[in-house]
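The values are calculated or read from the model by the stated rules, or taken from the named source; none is laboratory data. Predicted, not measured: the structure shown is a model, and the values here were computed from it. Counting neighbours? That spans all protein chains shown, and the Cβs are built from the backbone with ideal geometry, glycine included. These accessible areas exclude ligands, DNA and RNA; they are computed on the full protein's heavy atoms, side chains included. Shrake-Rupley method; radii C 1.70, N 1.55, O 1.52, S 1.80 Å.
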Amino acid sequence: MSDLTPSPERGQDASSHQSITSHTVISSAEQKCSCGRRFVCLECRRYWVSKRVRSAKTWLKRKLPPNVTPFSITLSIRTTSDWKTEAALLWSYWKELGTKRTTDKKGRTFNGLDSIVRGLASMHYLNKAGEWQTHIHCTLMVTETFRRASLIDTWLQIGGSYSDVQPTKSLGAWVRYSIAGDVPSDEEDRLALQRMNRGKHQVRRIGK
């Protein structure tokens, strides 16, 4: 991925931009810069990703029932011409997936997803070639009765088009990868993502 240091925004001169980016050498992910541009600033991302990963791992592992296994999941939908529409649809489908894991008023389940204890998801926007391909990476903590086919079938019924469901060998590594996300190399695209995501949760949960 190319350099993520933001270029001067409209209305800023070079000296103003220099004052914003003078923090770029930070020795530890425990430190954060003061520019306030979490998404487009590489140093901001280091700090906030580390903070979110610690919080996510603590939440995922707390008060689990016996014999719980973490699964790494990739979920996507059919590609459209508008990545903003894709992102909105993916989050709505993720929310619906969360409702599918619960029972009805009579205590019945119809999809086998009640074995999902909790889950955590983060949006990714690019494929391995750096091209737009909006998708979700998530972590599910599931009991031994979990069936992959149930999740795959439910995702297709909701409106999704692809799912990859695998037990994860390293919970910490997968959570960090999924939360770290990705950013496009184009400055305008990064700023567009920042505007779209401002004030919204970048890591979303199902379960308690």
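Here are a few things to note about the model shown:
- Given (1) surrounded by 13 or more Cβ atoms within 10 Å (Cβ to Cβ); (2) more than 21 Å from I77 (Cβ to Cβ); (3) touching a helix residue (DSSP H, G or I) at 6+ places or on another chain (Cβ under 8 Å), number of the condition E187 does not satisfy: (3)
- For the stretch 128-157, the tally of residues that are under 17 Å from K95 (Cα atoms) and either surrounded by 18 or more Cβ atoms within 10 Å (Cβ to Cβ) or of a type outside the set (A, V, I, L, M, F, W, C) (or both) stands at 14.
- Meets criteria (in a helix (DSSP H, G or I) and more than 18 Å from the chain's Cα centre (by Cα)) for E144: no
- Scanning the stretch 158-174 for residues that are part of a helix (DSSP H, G or I) and either open to solvent by 50 Å² or more (accessible area, probe 1.4 Å) or closer than 21 Å to N127 by Cα (or both) yields A173, W174.
- Entry remark, the stretch 59-103: residues being at pLDDT 90 or above and hydroxyl-bearing (S, T, Y) number 6 in total.
- Residue in the stretch 71-82 that is small (G, A, S), over 24 Å from W48 (Cα atoms), in contact with a His (Cβ under 6 Å, 6 or more places away or on another chain) and not in a loop (DSSP other than H, G, I, E, B) present: yes
- Complete set of residues in the stretch 175-208 that are under 21 Å from V68 (Cβ atoms) and either in contact with a His (Cβ under 8 Å, 6 or more places away or on another chain) or in a strand (DSSP E or B) (or both): Y177, S178, V203, R204, R205, I206, G207
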